[in-house]
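The values are calculated or read from the model by the stated rules, or taken from the named source; none is laboratory data. Values in this document were obtained by computation on a predicted structure and should not be read as measured data. Cβ: placed from backbone, ideal geometry, glycine included. Neighbour counts: every protein chain shown. Protein only, heavy atoms only, side chains kept; ligands, DNA and RNA dropped before computing areas. Shrake-Rupley method; radii C 1.70, N 1.55, O 1.52, S 1.80 Å.
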Amino acid sequence: MIKTIILIGGPMKGTRFRPLSLELPKPLFPVAGYPIIYHHIEACSKVPHMKEVILIGFYQPNDALNKFISNVQQEFKIQVRYLQEYTALGTAGGLYHFRDQILAGNPDSFFVMNSDVCGDFPLKEMLSFTVQKGGGSHCTVLGTEATRQQSLNYGCIVENKQSHEILHYVEKPETYISTTINCGVYLFSPDIFSTLEKIFKKNQEDNYNCDPNTQMKETIRLEQDIFVPMAGSGKLYVYQTDRFWSQIKTSGAAIYANRHYLALYQNWHKERLAKNGELKPQIIGDVYIHPTADVHPTAVLGPNVSVGKHATIGEGARVRESIVLEGAVLQDHCCVLYSVIGWNVTIGQWTRVEGTPNDPNPNKPFAKVDVKDTFSPEGKLNPSITVIGSNVQVPSEVILLNAMVLPDKSLGGSCKNQIIL
């Protein structure tokens with residue numbers, strides 16, 4: 001029996017994803033028409049003997065989360081539960097806190113997945129790889145290649161190329177260590193909890209003996225507290241993938257993930273992709289349109305566009321490389337490029353909404369999406385995709401370029417390289 005734990009974080013996380021995470025927990029943000037963690041659960045459902053998916057985080061239970069859990073249980077015929085931490089316990093603290101629920105039913109092993117990653121997850125291949133290594137290995141880490149410079153932003157892995165044992169692990173190193181990086185997807189055997197118990201008891205001891213004025217240590221971090229000491233012990237291995245993988249830290253990364261998940265639909269879910277036809281809009285490349293959306297036949301969509309529930313796209317509208325969320329209205333002849341249009345937003349006629357793509361450098365093999373700061377060192381807004389928060393009214397015949405608009409605003413005119421508070 002296999003289980004999966006998805007670490008979904010909480011409201012203090014996902015701040016770089018604002019204003020989109022103001023309305024909805026970031027793990028539920030729709031990419032290619034479905035919530036981010038829907039793609040995780042779909043990948044899990046294809047693993048033989050997968051019994052249960054457990055979501056761990058510190059969001060307060062809410063209608064959106066409850067409805068999502070109910071829907072995916074029905075669709076995938078798999079048990080899904082949410083376990084709420086009393087506070088942020090770190091990437092491994094929640095695992096230890098809920099160890100009894102994870103170990104219920106005596107699973108042979110369990111996956112752990114970060115919710116802020118996306119990809120064509122090779123879970124079955126990871127499982128086969130781990131079985132070949134024998135039951136003695138505590139953990140298999142999913143790894144992929146990055147550029148030398150970008151590897152500094154991730155956990156870096158030095159492996160034995162023959163056995164794939166991890167010999168050395170450093171989280172976000174100061175200098176170059178390796179181009180093999182941690183993808184935030186792991187496969188553990190249940191005996192990892194004995195390692196977690198030792199670290200928990202050491203933290204308790206440290207808290208007991210520490211200065212009363214210092215902060216108590218409640219978190220356990222998988223990367224620093226588990227992988228660093230475990231490297232070189234013969235119990236930590238890496239399975240490398242060359243499939244699509246990316247983090248989703250910013251809304252720009254969501255546009256990038258949207259493109260790749262739509263491309264994956266060509267292999268697994270062609271029925272989700274819109275098709276050209278009589279009295280249908282012109283479709284270029286991969287496009288997802290929710291069945292309840294109303295798109296005028298003269299509109300042109302694509303490539304790489306997702307249109308959410310009850311959205312309306314008017315006559316002659318042009319949408320490319322964008323996500324249009326539920327209830328949004330794009331009026332006649334507007335143009336939307338490299339943007340996220342929030343819930344219940346109205347874009348006026350002949351208005352142009354455009355952002356700057358944050359794609360990996362195509363000339364560098366293994367390049368990933370850069371997580372850029374919002375502002376440059378000179379205090380200027382860095383060019384990025386345009387993000388319009390929920391319930392915003394954008395007038396007709398204006399231009400929005402590289403803008404971020406917070407929810408519930410009525411714009412009076414054009415704006416460029418601005419955050420509209």
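Which of the lysines could a cross-linker span from Lys3 if the Cα-Cα distance has to be under 19 Å and same-chain partners fewer than 8 positions apart are dropped?
Excluding near neighbours in sequence, the set is Lys46, Lys51, Lys77, Lys124.
Hey, any idea what the orientation-averaged projected area of the convex hull of region 1-99's Cα atoms comes to, in nm²?
6.4
Among the trypsin sites (Lys or Arg not before Pro) within region 372-414, which fall in a DSSP loop and have no more than 12 other Cβ atoms within 10 Å of their own Cβ?
On the way: sites: Lys372, Lys380, Lys409; in loops: Lys372, Lys380, Lys409.
Those that pass, being in a loop and sparsely packed, are Lys380.
Under 22 Å between alpha carbons, and skipping anything fewer than 8 positions from Lys201 in its own chain: which lysines qualify?
Within the straight-line limit of under 22 Å, Lys201 reaches these lysines: Lys217, Lys235.
How about Lys270: which lysines have a C-alpha closer than 16 Å to its C-alpha, ignoring those fewer than 8 places off in the same chain?
List returned: none.
Enumerate by residue number the trypsin sites (Lys or Arg not before Pro) in region 13-69 meeting two conditions: DSSP loop (anything except H, G, I, E, B), and at most 12 other Cβ atoms within 10 Å of the site's Cβ.
Values: sites: Lys13, Arg16, Lys46, Lys51, Lys67; in loops: Lys13, Lys46.
Of the trypsin sites (Lys or Arg not before Pro), the ones in loops of region 13-69 whose Cβ has at most 12 other Cβ atoms within 10 Å are Lys46.
Would you kindly derive the ³J(HN,Hα) couplings of region 406-411 from the backbone phi angles with the Karplus curve 6.51 cos²θ - 1.76 cosθ + 1.60 (θ = phi - 60°), listing them in order in whole Hz, with x for Gly and Pro?
6, x, 6, 10, 10, 6
Please give me, ordered by residue number, the trypsin sites (Lys or Arg not before Pro) of region 300-331 that lie in loop per DSSP and have at most 16 other Cβ atoms within 10 Å. All intermediate terms of the calculation are to be shown ahead of the outcome.
Values: sites: Lys309, Arg318, Arg320; in loops: Lys309.
Hits after loop and neighbour filter: Lys309.
Which order do Val319, Val228 take by accessible area at a 1.4 Å probe, largest first?
Descending accessible area places them as Val228, Val319.
Under 24 Å between C-alpha atoms is the cut-off here; go through region 293-410 and count lysine pairs that meet it, provided they're at least eight residues apart or on different chains.
Values: Lys309/Lys409; Lys364/Lys372; Lys368/Lys380; Lys372/Lys380; Lys380/Lys409.
Going through region 293-410 pair by pair, I get 5.
Based on DSSP, what percent of beta bridges with both residues in the chain are antiparallel, to the nearest 5? Intermediate results must be reported in sequence, preceding the final value.
Working: 24 of 87 bridges.
DSSP beta bridges in the chain are roughly 30 percent antiparallel.
Under the √(5λ) rule applied to the eigenvalues of the Cα gyration tensor, what semi-axes describe the equivalent ellipsoid of the chain? Give them in Å, descending.
Working: eigenvalues 306, 109, 90 Å².
Over the Cα atoms of the chain, the ellipsoid semi-axes are 39, 23, 21 Å.
Amide H of Arg221: which non-local residues (sequence gap of 5 or more, or other chain) have their own amide H closer than 5 Å, using H built in the peptide plane?
Long-range HN contacts for Arg221: Ala92.
Using 0.36 nm times the number of residues separating Arg221 and Glu278, minus their current alpha carbon distance, what extension gain do you get? Display every interim value, and only then the final one.
Numbers: separation 57, 0.36 × 57 = 20.52 nm, distance 5.50 nm.
Computed gain between Arg221 and Glu278 is 15.0 nm.
Do the sum for the chain: with -39,500 (n - 2.57) for every DSSP H run of n ≥ 4, divided by all residues, what is the mean residue ellipticity at 222 nm, to the nearest 500 deg cm²/dmol? Could the numbers behind the result be given before it?
Details: 8 runs with 88 residues, N = 421.
The per-residue figure over the chain is -6500 deg cm²/dmol.
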